[in-house]
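Trainee: Following this message is one structure expressed as structure tokens.
The values are calculated or read from the model by the stated rules, or taken from the named source; none is laboratory data. Here the structure is a predicted model, which means the values were calculated and not measured. Cβ placement follows ideal geometry from the backbone for every residue including glycine, while neighbour counts extend to all protein chains displayed. What goes into the accessible areas is simple: the full protein's heavy atoms, side chains included, and nothing from ligands, DNA or RNA. Shrake-Rupley method; radii C 1.70, N 1.55, O 1.52, S 1.80 Å.
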Amino acid sequence: MKEVVLHVYDVTNSGSEKTNNTILQINRIFKDRIGLGGIFHSAIQVFGDEEWSFGFCEQGSGVFSCPPGRNPMYTYRERIVLGETNCSIFKVNQVLRELGQAWPGHSYDLFSKNCNHFCDSFCERLGVPKIPGWVNRFANAGDTAMVVAGNAAFRLRQAKTEIVTASKVAYRFMAGLASNSQATPESLSNSNRGSPRFQGVWFKNLMSVGAKPSSSSNSEIPDETDDAPLHCQNSSELLQQISRQNS
């Protein structure tokens, strides 16, 4: 039996400190405050001193490794033990070879085939539970809708103001991310630029709890957001600052 560990990062690889600060604020509101989810990168560690994940590249496999918790493109968040696998090191290496062939870098898609989907697939092959739903909730629109309608409904009603404001920021960030160049393993392919899937599916589900942006919010996506202090006394104050910066 060997321990399987999930490593979670905040996606702070935009190249802009302003945008990265906004991402951290989004994650604090959606994950830490509301418990819904956020914008995260994930990787799996089993046997040895490497974590394994998936990202975009033009040629070859998108599966790559780095020292645990040391991916230089992101901000490390936490370590989660998912369980123990009965697979031998030989079997794990075989699984990684097969995944490397099945997950070419050019097939990367933010909403249907990202690093978190890879980790789920890897965990399934290892015979351990999949990653927590909150890690990939922004990509899994159907899962978001289920949470909104189900167990989290009461908490979301209490946090309606936070949902309305923060979802606009998340929408703008994700739509802007889809138009970035393919500069890193976690970047998007050109086919995702201005992705209607995000606008028509993921954001539509968030609108079910009143998070509907104005028409100007849909059409105007800023390239950067203004700097915002990270030491606000409460989430309402933080949301007001984010809203002013992104209006």
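Trainee: Mind listing just one residue for me: the one in segment 79-96 that is within 24 Å of the chain's Cα centre (by Cα) and in a strand (DSSP E or B) and, of those, farthest from residue 3 (Cα to Cα)?
Mentor: Looking at the filtered set, the residue picked out is 79.
Trainee: Name the pairs: first residue in segment 70-98 and closer than 19 Å to residue 131 by Cα, second residue open to solvent by less than 70 Å² (accessible area, probe 1.4 Å) and of a type in the set (Gly, Ala, Ser), Cβ to Cβ under 8 Å, at least 6 apart or on different chains?
Mentor: Correct list of pairs: 71/43; 71/53; 76/69; 79/69; 85/127; 86/127; 87/127.
Trainee: Being open to solvent by 20 Å² or more (accessible area, probe 1.4 Å) and in contact with a strand residue (DSSP E or B) (Cβ under 8 Å, 6 or more places away or on another chain) is the filter here, so list the residues in segment 97-112 that pass it.
Mentor: Residues satisfying the conditions are 101, 103, 104, 107.
Trainee: Of the residues 90, 118, which single one is closer than 16 Å to residue 39 by Cα and either modelled with pLDDT of 95 or more or open to solvent by less than 40 Å² (accessible area, probe 1.4 Å) (or both)?
Mentor: Numbers: 90 fails: closer than 16 Å to residue 39 by Cα.
Just a single option satisfies the conditions, and that option is 118.
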